[in-house]
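The structure that follows is given in the form of structure tokens.
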Amino acid sequence: LEDMSENIKSVLTSRRENGYHIGAFAPFGYMKDPAQKGHLIIDEDAAAIVREIFLMYVTGMGKSAIAKDLNERHIPNPTEYKHIHGYHVKSPQNRCGTLWSYYTISQIVSNEVYIGNMVQGRYGSVSYKTKKNKPKPKDMWIRVEHTHEAIIEKPLWDKAQSISKTRSKPFGNGELGLFSGKARCMYCNSSMR
């Protein structure tokens, strides 16, 4: 059984290294190409939201403010969007699961998939005997450039990354706050800042 698990991992690693998307669902803004397995194509409805998020972010809106704006306008978040479009995703356990959050916006503005790059293998299973995954160091991620059409132009992406670097530290000295990662939302258990 362990040998079979290693063989499957090897095949998946090879497909990732060749730039094929591996996963049950395409990233928000994309859909799986029905004509080519492992290839992503733009989902224009969702891509319009991704573009709007980037534009709001680079014009000075914070991630929480962007989430609040999208929620107030009743724009479905990625999970809800998939659910509405007939994908069989696990339904959120609570109200927060259908809302945009700081974390979701942060994931979008930092995901290279939106400039046409495939970055996979960020998490790995602890053992073939368990489904538990743990984060892998960045140097172990599998990154392949120009695997699909970009939603975000590179200059806009670069500006967003530059802003993220300056905004990501809660204090000028780079230290985390006393309650960072400890205070959690009572509805969805997300870490609060």
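Could you give the nm distance between label points at residue 123 and residue 84, where each point is 7 Å from its Cα heading toward the beta carbon?
2.5
List every residue whose amide H lies under 5 Å from the amide H of residue 30, counting only residues 5 or more places away in sequence or on a different chain, with H placed 1.01 Å from N in the peptide plane.
Residues meeting the amide H criterion: 43.
Values in this text are rule-based calculations from the coordinates and carry no lab data. Note that this is a predicted model, so its numbers are computed, not measured. Neighbour counts run over all protein chains shown; Cβ positions are idealised from the backbone, glycine included.
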